[in-house]
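Enquirer: One structure is given below, represented as structure tokens, and several questions about it will come after.
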Amino acid sequence: MFNISSGGRKIPKAVIKRLSLYSRVLQAMEMRSVEKISSMELGEKLGLNPAQVRKDLAYFGQFGVRGVGYYVAELRKSIKRILGTDREVRVGLIGVGNLGLALLSYGGFARQGFRIVAAFDNDKRKVGSVKNNIEIFNVHELEEKIKVRAIDLAILAVPADAAQEIADRVVKAGISAILNFVPTRLVVPDDVKVHYVDLAIEIESLTYYLR
Ligand code: ATP
């Protein structure tokens, strides 16, 4: 009756099965932009008592926050990791200018398992709008949304003078992978990976061959 082990402990198969059920409920909540859920609410949706929910999840670590419950996106991501169905990379885009907007509109990311789950800008005219089903939040909310939307990769498309400050903030919020479209070098800790995409440099190096 036992399946995978967690920290040396055997996990009953019934618990694994319930994890799938939790994941399905959490997915539905996420689609409705619900950010937090209690063990009581989660249990009710499946005909389980809250103690059962807490006991099941406790096999795998400490997920709940006292007085808050569970962060929907974070818990779902953890469950998917436990179940091995965690292939999607959750992306946050900062800076919705011409370039950022093009990236938001591009459908190719989803096909590769990347999903932009939130965008950020400091322009009040852009904040609150939705592009390609992706909400644009005030950049003040960056740290909070990184947490509740379980963002693990940041794309930077802000002006050069804002890039380092934004990089510092996303790193502090726990992001360890940055795709930087801003033509400026970023200073980050050793364990943070930055990839640079500088379109002007790419074109310039190609023009060499035009001669
Ligand atoms: P692009 O360089 O993408 O073509 P653009 O020329 O339209 O953009 P930029 O001035 O480069 O505009 O700014 C890109 C976006 O970043 C804009 O939407 C701007 O409002 C936003 N932005 C500027 N500063 C910040 C900041 N500190 N935090 C978040 N967004 C910012």
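Rule-based calculations on the coordinates, nothing more; no lab input. Predicted model, so just to flag it, every value in this text is computed and none were measured. We place every Cβ from the backbone using ideal geometry, glycine too, and count neighbours over all the protein chains shown.
Enquirer: Kindly identify region 155-201 as rounded, prolate or oblate by the Cα gyration tensor criterion: order the square roots of the eigenvalues as a ≥ b ≥ c, call it rounded if a/c is under 1.5, otherwise compare a/b with b/c, prolate if a/b is larger, else oblate.
Expert: Here region 155-201 falls in the prolate category.
Enquirer: Beyond 27 Å, what percent of the Cα pairs of the chain remain?
Expert: In whole percent, the share of Cα-Cα pairs in the chain beyond 27 Å is 41.
Enquirer: Another question, if that's okay. Exposure proxy check: GLU41, GLU144 ranked by fewest other beta carbons within 10 Å?
Expert: GLU144, GLU41
Enquirer: What does the C-alpha gyration tensor say about the overall shape of region 110-182? Classify as rounded when a/c is under 1.5, otherwise prolate if a/b is larger than b/c, or oblate.
Expert: Rounded, because the longest to shortest axis ratio a/c is under 1.5.
Enquirer: Moving on. Given the DSSP H assignment, sum -39500 (n - 2.57) over each helix run of at least 4 residues in the chain and divide by its residue total; what's the result at 222 nm in deg cm²/dmol, nearest 500?
Expert: Result for the chain: -12000 deg cm²/dmol, rounded to the nearest 500.
Enquirer: Need one number: % antiparallel among DSSP beta bridges in the chain, to the nearest 5.
Expert: Bridges in the chain are about 30 percent antiparallel.
Enquirer: Using the crude model of +1 on Lys and Arg Cβ and -1 on Asp and Glu Cβ, and no other charge, please compute the dipole size for the chain relative to its Cα centre, in debye to 20.
Expert: 1200
Enquirer: Restricting to region 89-202, what percent of DSSP beta bridges are antiparallel, rounded to 5?
Expert: 10
Enquirer: Still on this model: For ASN132, enumerate residues with amide H under 5 Å from its amide H, sequence gap 5+ or separate chain, H modeled in the peptide plane.
Expert: none
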